[in-house]
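Below you'll find the structure, written out as structure tokens, and then a few comments.
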Amino acid sequence: MTSGLLAKKNASPASRIVSRFRLTTFMSLVWSLIRTVLIVGICFIIIHPLLIKVTSSFMTLEDIIDSSARWLPLQPSFVGYRLAFNLMNYPVALWNSLTLATLVGVLQLVSCSLVGYGLARFKFPGNSLVFGLAIFTLIVPPQMISIPLYLNFRFFNFFGLSETPINLLNTYWPFALTSMTANGFRNGLHIFIMRQFFKGMPGDLEEAAYVDGAGPFRTFFSVMLPSAIPAMVIVFLFSFVWQWNDYFLTMTFLRNSETLPIALQALPERYFASADSNDVTQYSTILNNAGSLMLMAPLILLYAVAQRFFLESVSRTGIVG
Amino acid sequence: MIETKRFRLSLTSQRALAGIIFVLPFVIGFMLFFAYPFVQAIQFSLSDLKVTTTGYTLTYIGLENYRKALFVNPNYVRNLVGVFGKMLAEVPVIIGFSFFAAVLLSQEFKGRLLARLIFFLPVILGSGIVLRIEQWDLMHALLETGGTEGGGVFGGEVANFLMQFKLPESAVTYIVSTVEQIPRIIRSSGIQIVIFLAGLESIPSSFYEASEIEGASGWESFWMITFPMLTPLILTNVVYTIIDSFTAPDNTLVTMIQDGAFSNLGFGQSMAMTIMYFAVIAAVLAVVMRVLSKGVFYHD
């Protein structure tokens, strides 16, 4: 094949180069056109549900029923937001979500970085076993663990150490304890990400620190962690966001507390029970959309702030292995 | 001589000790908050569990809970088959799409940053409660069906278009139902795109330069460099997608088990259901890893 190409090249180098040049510019033009159409289309599909939420959250009851107002509200109004704000008890729910997600995010970040580093850089008997167990926790359906845990936390006797069990449900303890020990929701994935990242880091810095007499823990905190920020941003973002959107675990361990997802879920019910209810089912669509946006707004804000780190992290994290 | 040897030995064991201390939080947590409840789950599934004021009592009843789940409960087997079928249909499409999307996003074009931000948006927003709310929501139902019966954003038009070719009706239904799933597919591919993209950006550009000098076309270098270099990530992503699809909070079987545990099913039967479900997931993953790992190419 190579010799064929060479023969062709020798035949008429100039004309071949010109025609090839024309062909490739034409092809790349066509391709960039197709690419633009595809990217715009996919972006539209992703944003579409968000747009529907925005427009219909500003609608009034008349707009919902009126089919001519399918896309844009005829008389934009904040009535949906006002109602959702009051019925969800928004400031309280926002505060609860914020504190819980921050607690979980920070604790999981700390524990998973420690474990990931230990697995990546130290040889000890059982290293690969521990890594295997971390991956194993991912394939077990969460309810299989969370339902026995529910009973353990309901009658918490410090694993047989105490005579009288105490009730840890409706406190942050179930979340704190599981996050502190890198056993929270999908923490196997976080451990994996951190381990891969540390594995991919060059050893020179670390060795220099050891030569200077720093112990493994000082080396970790003062040399390794500052370089691991891209991976840490991803891990924190994931654990924060998953806790923020979580309904099932919160519902299991924190039945009485109001986080945003729980308040959002209860929104239509509360509306029909409230005094100024019109008893019209359509109304719940305005409330649901306004409420969903109020739940998503802080996340979008966080994403907008963290996006530079996030995009950079994607290319710099060794999730790739 | 002996002195140095001893020193070395203690250094390695010091390092080993430090490593153990680093992973200790996980090991303790694994025992208390994973292994212990895991064993309890098996115990519960074989028992009749009654909650009392100071704790709970267990009465051993053998495989009764499993029998009930399989043969008495009208929904369990049906949901299990449904969830399994949905996973089989979805995984290849999600992998194909996220691979393609990552290749698109790795190229240079204007507005690439914005496009990436939007593509990753579902990672942030596409999970949990909002999806559940959307499923019941009236306005979404109205707009997504576009007024036609059973069509998605473009389902109706696609069906009309395909009908012109006089295709058999079952084929048209299959294609339309796939097309209807497009928004769902796109929105559950976020993390997979992130992983593929990270992989694409880690391929050294010298590989492409070398192949260009050798006279390879873009098409050839895609199949000779890009694809083989990404095969380990295809395996990672297939495994991730299967787990994601099986444990997603909007999965019908997961919802049924979770809600049922605290109401009609009771802890015992719901645990029996989860354990059988877990066995299915483990079997699927074992088969998939066995088949796919043969085709994986490792660079080093």
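Among the helices of chain B, those built from whole DSSP H runs whose Cα atoms reach 30 Å or more along their own axis and whose mean Kyte-Doolittle hydropathy is at least -0.5 are B:2-30, B:76-106, B:266-293.
With R₀ set to 41 Å, the beta-carbon distance separating A:HIS48 from A:THR164 gives a calculated FRET efficiency near 0.15. Positive end of the dipole of the range A:79-320 (Cβ unit charges, origin at the Cα centre): among A:PHE236, A:GLN307, A:PRO216, the Cα lying farthest that way belongs to A:PRO216. Springs between Cα atoms under 10 Å define the GNM used for chain B, and in it the highest mean-square fluctuation of B:GLY199, B:GLY62, B:GLY215 occurs at B:GLY215. Of the three principal axes defined by the Cα atoms of the protein assembly as shown, the extents in descending order read 94, 91, 48 Å.
Whats the longest run of chain B with zero chymotrypsin sites (Phe, Trp or Tyr not before Pro) that are DSSP loop and have at most 14 other Cβ atoms within 10 Å? That gives B:166-296 as the longest site-free run. If the elastic network links every pair of Cα atoms under 10 Å, which of B:GLY190, B:GLY111, B:GLY266 fluctuates the most in the Gaussian network model of chain B? In this elastic network of chain B, the residue with the biggest mean-square fluctuation among B:GLY190, B:GLY111, B:GLY266 is B:GLY111. With a ≥ b ≥ c the root eigenvalues of the C-alpha gyration tensor of chain A, is it rounded (a/c under 1.5), prolate (a/b larger than b/c) or oblate? Judged from the Cα gyration tensor, chain A comes out oblate (a/c at least 1.5, b/c at or above a/b). Largest GNM mean-square fluctuation among A:ASP63, A:ASP212, A:ASP246, using chain A with Cα springs under 10 Å: A:ASP212. Report summary: the helix-based calculation at 222 nm, which adds -39500 (n - 2.57) for every DSSP H run with n ≥ 4 and divides by the residues of chain A, gives -23000 deg cm²/dmol.
Taking each DSSP H run with n ≥ 4 as -39500 (n - 2.57) and averaging over every residue of chain B yields -23000 deg cm²/dmol at 222 nm. Once C-alpha pairs closer than 8 Å and six or more residues apart are averaged by separation and normalised to the residue number of chain A, the relative contact order reads 27 percent. Among complete DSSP H helices in chain A, those whose alpha-carbon atoms stretch at least 30 Å along the helix's long axis and whose mean Kyte-Doolittle hydropathy reaches 0.0 are A:13-57, A:90-121, A:283-316.
We did not get these values from a lab; they are worked out from the coordinates using the rules stated. Note that this is a predicted model, so its numbers are computed, not measured. Every residue, glycine as well, gets a Cβ built from its backbone with ideal geometry; the counts of neighbours run over all protein chains shown.
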